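Everything below concerns the one structure shown next.
Laboratory data are not the source of any read-out in this text; all were calculated from the coordinates shown. Since this is a predicted model, take the numbers as computed values, not measurements. Positions of Cβ are backbone-derived with ideal geometry, glycine not excepted, and every protein chain shown enters the neighbour counts.
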Amino acid sequence: MSGTIRQKQPVLGILGGGQLARMLAIAAAPLGVKTLVVDSAPDACAGQVAPLRVADWTDYDALAKFAAEVDVVTFDFENVPADTAHWLAERAAVFPNPRALAVAQDRLAEKTLFRECGLHTPAFEAVDTREDLDRALTKIGAPAILKTRRLGYDGKGQFRIKHLKDADAAWAALGSNAHGLILEAFVPFERELSVLAVRTRDGDFRVWPLTQNWHTDGVLSLSLAPAPDVGALQSRAEALARTLAERLDYVGVFALELFVKDGDLLGNEMAPRVHNSGHWTIEGAIASQFENHVRAVLGLPLGDTAARGLSAMFNWIGELPDAVPVMATVDGHWHDYGKQSRPGRKVGHATVCATDAKVLAARIGEIARALNREEQAAPGLQAL
Ligand code: AMP
């Protein structure tokens, strides 16, 4: 019998132990890849499926032990402090690299890079003082959104300025932020899309079909993939994502959140990790974002990013609905993250797949009626 002698199983270290780490660990297992997770919370939900080290981002003794135990380090959480990422990069292979992480942590650096790469953005201005805010509002006008440059996600750390007279309220809400702010024009977009891409250590680059997303209160509520009627936007998004990835020497999966306005793509944000809008790829694509991220960071060949058919993903925020109607639906898939219910918390998702739009719409409708989620499903049904 021929074949290679099996080396020791590689260990993938994951910084952050939320649902993304959990789904990475689940995808890693059949590849023969072990995972080791670090999180400051002893009940981090990835700890239910992978060994968990409880430590915070400045516990260098614990991080040194962690670095010695793993072959490659990656992230489930992009706000790991830059110092920690650099420190680890001196002791282990870290993908994506700390520079890519640093750019994606700062909305100002991120949007500046988007423009340099040819990706248009909403008009934006840096805001550090109350006077800066007035100046920026004069340039950009209202409506606009004041956002923290760092540590904002899912609509947190944002204030919508409907009228110029809201400036005082916006400053009262966010002005004390130590990391600075950014004012962005409010874009009355036609739709929100995301492109998920993956790049390997030797530069192989692939994208999944574009995903269309709907948010409620800034949090992803529903995704549809492949996004219907995107035409040339697919190749445009792919080219932009490739330029960005090459510029950052990025390794692993990332997502670009995009607004479509007058047929143009505007960059909202880059997530330097697997992304909520890519959860449909678990059942709906030949290789999922989680599997391809593990493959990319470990130097393994990528799997095919083609969709198997059409998919819709419902995000469950705050608490899980009844699983049974999803499980009872043909090609319906349930994902419970094993978290406690809490308002605003992502606690699970469900994906439903089909080979054509009519059948998918029927299955979405079936689930939505049974769970009383017609409102959540409505924009997806309309788009199909
Ligand atoms: P973010 O945390 O920046 O991803 O924002 C969350 C959501 O708020 C986005 O997915 C959009 O639905 C909305 N949003 C953010 N920025 C803008 C903007 N400049 N114009 C219009 N809507 C926005």
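Using helices alone, I'd like the mean residue ellipticity at 222 nm for the chain: each DSSP H run of four-plus residues gives -39500 (n - 2.57), total over residue count, nearest 500.
Counting only the DSSP helices, I get -9000 deg cm²/dmol.
Among the GluC sites (Glu not before Pro) within the range 294-374, which fall in a DSSP loop and have no more than 14 other Cβ atoms within 10 Å of their own Cβ?
319
Within the range 111-220, which GluC sites (Glu not before Pro) sit in a loop by DSSP and count at most 16 neighbouring Cβ atoms inside 10 Å?
Filter output for the range 111-220: 190.
I want the local charge near residue 169. Using Cβ-Cβ distances under 13 Å, sum +1 for each Lys or Arg and -1 for each Asp or Glu among the other residues.
It works out to a net charge of +2.
Mean 1/r over all different Cα pairs, inverted: what Kirkwood radius does the range 331-384 give, in Å?
Taking every pair of different Cα atoms in the range 331-384, averaging 1/r and inverting gives 12.3 Å.
Taking 2.2 N^0.38 Å as the expected size of a compact globular protein, what ratio does the Cα radius of gyration of the chain give against it, to two decimals?
Taking N as the residue count of the chain, the ratio is 0.99.
What are the lysines whose alpha-carbon lies under 27 Å from the alpha-carbon of residue 111, with same-chain residues fewer than 8 places away excluded?
Answer for residue 111, where 27 Å is the Cα cut-off: 139, 147, 156, 162, 165, 261, 346, listed by chain and number.
Based on Cα coordinates alone, diagonalise the gyration tensor for the range 257-325, multiply each eigenvalue by 5, take square roots, and list the semi-axes in whole Å, largest first.
So the three semi-axes of the range 257-325 are 22, 21, 14 Å.
Please get the size of the charge dipole for the chain, origin at its Cα centre, with Cβ charges of +1 on Lys and Arg and -1 on Asp and Glu, quoted in debye to the nearest 20.
Approximately 300 debye in magnitude.
Quick one: grab the alpha carbon gyration tensor of the range 12-106, order the square roots of its eigenvalues as a ≥ b ≥ c, and give me rounded if a/c is under 1.5, else prolate or oblate depending on whether a/b is larger than b/c.
Rounded shape, in that the Cα axes give a/c under 1.5.
Where nothing but the Cβ of Lys and Arg (+1) and of Asp and Glu (-1) is charged, how large is the charge dipole of the range 181-313 around its Cα centre, in debye to the nearest 20?
Here the size comes out at about 320 debye.
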